[in-house]
Each structure stands twice: as structure tokens, then as C-alpha cells.
Amino acid sequence: MKRMNLNYHHLRYFWAVAHDGNLTRTAKRLNLSQSALSVQIKALEERLGHSLFERRGRQLFLTEVGRVALDHADSIFATGQELLATLEGADRKKKIIRVGALATLSRNFQIGFLRPVLGRKDVEVILTSGSPRELIQGLETLRLDVILMNREPLVDNLAPYVVHRVDEQDIGLVGTPTRLNSAQPLAELLHDQPVILPTSTNAVRVAFDAFITRLNIQPNVIAEVDDMAMMRLLAREDIGLALVPLIVVQDELESGRLVRVAEHLPITETFYAVIMDRQFPNHLLSQLLNVENKDNEKAIKNQSKADRR
């Protein structure tokens, strides 16, 4: 039996609906009936042998194959717009990696994680930030390929995902050289100097509170901040001693603008990269994740909706 070629009209209709996320709105924009548009997409699904959308209430969500198809459709229809570029001999076909990160996560860590693909002419990195709930939703709806967090996600989500522990950073107290006498005992520093701490929901703060309870110390907390970049700036402004992952202030430590308390704190921050357990994963992920170290990988399999019915 002769294998039928792909119908690019069908693909363009799918592409339009996928970007709109609404069949009715797309049909109106294309001056088609909703039923006619549905027939075109159904024909493409039959040709590919997979469903491209699933309905959740009144909304359309891409399936995993739908996300793969959309990536290819984006590339195909962008080619026509790049016709002039081909005359210059430039190859502008790019692979895309969509990364989500906690809004409060260390920028230095994010740069380090993405370094294997940053600056490559054949790769486009789409980096977005959000809350844990927004990131998990983006992962489950396949709008994100990987999300970066500093704590493992809750296990009560319906979709299966895989958690990679990708880094662990020491936590330290840092301040300006004029404020911080690094040879002074830690207990005295915490008693004498104002400190800038993460907010109470932060895992680092929880560990720090437990640590100072054991030391029977009540530090003078001058600020509680959930943004590591802001903590770095406050420390540079000599507001107080900041409790931060040392990666956040590595440039300031190297330049001498900030110094750290010499005494080691028994606190670390762990960074995680979370991906979906997908049949068609983004191939760039293997370059970002330490997939060979199985000790750093923890699969969390949750029952799918179908399993629970």
C-alpha cells in the first residue's frame, strides 16, 4: 500500500488552532466553519496515527504528539519566512528548548545549567519564570521541556515526571569587608550583626532556623527576602549579613566586594531539574542533564487519570 504524503494544508490548520488554543476562534479567523476545521485536524490525526489535542472542559490542550507536531510545524512555516536568509547562506533552522525556573531561583545556577546550549547558533532557549504551581502546569501541558526548582515537587500530581538532582550548593553568611570580621565566631556574628534571611517558606531558612535553635541564638533579622538577587544587592549595600547560596554571590566573592564567614554552616541548597516521562523527549535534555548518574535521578510515577477510572 502506497504511503500517503503529509497534507500541509491540514498541518497549517492544526498549527493555527494550536497557537490559538481555541477551535471556535481559529475557525472564525480563518473564515471556516468549526466543523470544517475539525474535519481538517481529524484528517491530520488519522494520517499521523495519534491524537493531537485533548479536551479538558472547554479548553484544548496539546497531547505529547501534538507538541512534537507543533514544534515541527513551527519550523516548517518559519522556513518560508527565512527565504531571504537562505540567499546569505545562513542556516537558521534551530532546535528549541523550553525551560521554566522558579522566579526566585539563583540566576547563576540557571546560567550554569544552560551553559551547554547557550550561544549555539542551532539552539534557541526559551526561559520563563513562575511559581511552583505554574511550572508544574507548564510541564504537564507540555509547554515546558524542563523546570528548575530548589525543592522536589509534590507527588500528588496526576502526570508522571522524573526528578534529577543536578547540583548542591553550600550556604554561607556574606557581607561587606567593612562589616564582616570573618575570624569572629559565628555565634557572636549572629548576635552582633543584622542579618538578611530567606522567607520562612524557603527550605534554606527552615534549615537555618533549626541550626540557630541548636545554638540557642536569636539573630537580629533586619529583612526577609524571597529573591536571591535582591539579597545579593542588600548585602552589597551593607544592610546586613545575607544568608545565601554561595553561587549567588560568586562574582562578588571573587572580586572581594563581599566576603563570607569562615565558619562552615551545615546547610546546603539542592537544585532539581524536573522533566516529564515522555515518549518523545526533547533531545537537548540529554546535554543538560547528568543522565549517567542514576543516583541523582528519582522517578516519581503517579497514576494517570485513566488508571484511576
ask   = Of the residues that make up the range 225-234, is at least one surrounded by 14 or more Cβ atoms within 10 Å (Cβ to Cβ), of a type outside the set (Phe, Trp, Tyr), farther than 30 Å from VAL123 by Cβ and touching a helix residue (DSSP H, G or I) at 6+ places or on another chain (Cβ under 8 Å)?
value = yes
remark   = Filtering the range 260-284 down to residues that are within 16 Å of the chain's Cα centre (by Cα) and surrounded by 18 or more Cβ atoms within 10 Å (Cβ to Cβ) yields PHE271, TYR272, ALA273, VAL274, ILE275, MET276, ASN282, LEU284
task = Would you be able to say whether some residue in the range 172-188 is under 27 Å from the mean Cα position of the chain (by Cα) and open to solvent by 70 Å² or more (accessible area, probe 1.4 Å)?
result = no
ask   = Looking at this structure, is PRO160 open to solvent by 10 Å² or more (accessible area, probe 1.4 Å) and modelled with pLDDT of 85 or more?
value = no
task = Please identify the pairs in which a residue from the range 102-126 that is within 22 Å of GLN137 (Cα to Cα) has its Cβ atom under 8 Å from the Cβ atom of a residue that is part of a loop (DSSP other than H, G, I, E, B) and modelled with pLDDT of 90 or more, counting only partners at least 6 apart or on another chain.
result = VAL125/VAL117; VAL125/LEU118
inquiry  = So for the range 137-150 (the condition being under 29 Å from ILE267 (Cβ atoms), open to solvent by 40 Å² or more (accessible area, probe 1.4 Å) and in a loop (DSSP other than H, G, I, E, B)), does at least one residue qualify?
reply    = no
ask   = Can you tell me which residues in the range 28-42 are open to solvent by less than 30 Å² (accessible area, probe 1.4 Å) and over 33 Å from the mean Cα position of the chain (by Cα)?
value = LEU37
query = Residues in the range 245-252: is at least one more than 30 Å from ARG98 (Cβ to Cβ), over 19 Å from the mean Cα position of the chain (by Cα) and open to solvent by 10 Å² or more (accessible area, probe 1.4 Å)?
reply = yes
task = Having 1 or more residues that are closer than 22 Å to VAL146 by Cα, touching a residue at least 24 places away in the same chain (Cβ under 8 Å) and not acidic (Asp, Glu) is the bar; report the helices (runs of 4 or more DSSP H) wholly within the range 1-76 that clear it.
result = 8-20
inquiry  = Go through (1) open to solvent by 20 Å² or more (accessible area, probe 1.4 Å); (2) in a helix (DSSP H, G or I) for ARG165 and report which single condition fails.
reply    = (2)
ask   = Is it the case that GLU134 is surrounded by fewer than 19 Cβ atoms within 10 Å (Cβ to Cβ), among the acidic types (Asp, Glu) and assigned to a strand (DSSP E or B)?
value = no
Subset of the range 14-27 [under 27 Å from the mean Cα position of the chain (by Cα) and open to solvent by 80 Å² or more (accessible area, probe 1.4 Å)] = HIS19
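The values are calculated or read from the model by the stated rules, or taken from the named source; none is laboratory data. All values derive from a computational prediction rather than experimental measurement. Neighbour counts are summed over all protein chains in view; Cβ atoms, including those assigned to glycine, are modelled from backbone coordinates with ideal geometry. What goes into the accessible areas is simple: the full protein's heavy atoms, side chains included, and nothing from ligands, DNA or RNA. Shrake-Rupley method; radii C 1.70, N 1.55, O 1.52, S 1.80 Å.
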